[in-house]
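Everything on this sheet refers to the single structure shown next.
The values are calculated or read from the model by the stated rules, or taken from the named source; none is laboratory data. Predicted, not measured: the structure shown is a model, and the values here were computed from it. Note: ideal-geometry Cβ built from the backbone for every residue, glycine included; neighbour counts use all protein chains shown. These accessible areas exclude ligands, DNA and RNA; they are computed on the full protein's heavy atoms, side chains included. Shrake-Rupley method; radii C 1.70, N 1.55, O 1.52, S 1.80 Å.
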Amino acid sequence: MFGTEKQPLLACIIKHSLPGRVRLSCRALRFLEDYITEIEERLTNVPEILSAKITLITGSTLLYFDQEQSTVEQICETCE
């Protein structure tokens, strides 16, 4: 729509990042409403991820992580 490409359904795309913080977009999240709490819990069980918040409307996940233990790219791989 309006020149934007559709990303693959299960792919995590880095939308924005700051040191220790990253926003990932994943189209599949919009279809997993019943599992959002479980997904957030599983993400926060990853040692380097400090917190995770999923927003269904945008299909994005906001993650805070320990930047001394991991990079943005590694966090993205973990989420996929």
- Query: With respect to the numbered conditions (1) without any contact (Cβ under 8 Å) to a residue 40 or more places away in the chain; (2) open to solvent by 90 Å² or more (accessible area, probe 1.4 Å), which one is the sole condition not fulfilled by Gln7?
  - Reply: (2)
- Residue pairs within 8 Å by beta carbon, gap of at least six or interchain, first lying in segment 41-63 and among the basic types (Lys, Arg) and modelled with pLDDT of 95 or more, second open to solvent by less than 60 Å² (accessible area, probe 1.4 Å) and not in a strand (DSSP E or B), listed first then second, are Lys53/Glu40
- Item | Output for segment 12-31, where each listed residue is under 13 Å from Ser60 (Cβ atoms) and among the aliphatic types (A, V, I, L, M) | Ile13, Ile14, Val22, Leu24, Ala28, Leu29
- Please find, within segment 10-26, the residue that is most open to solvent (accessible area, probe 1.4 Å) out of those that are farther than 11 Å from Cys79 by Cβ and out of contact with any strand residue (DSSP E or B) (no Cβ under 9 Å at 6 or more places or on another chain). Pro19
- Scanning segment 45-78 residue by residue, those surrounded by 15 or more Cβ atoms within 10 Å (Cβ to Cβ) and of a type in the set (Ser, Thr, Tyr) turn out to be Ser60, Thr61, Tyr64, Ser70, Thr78
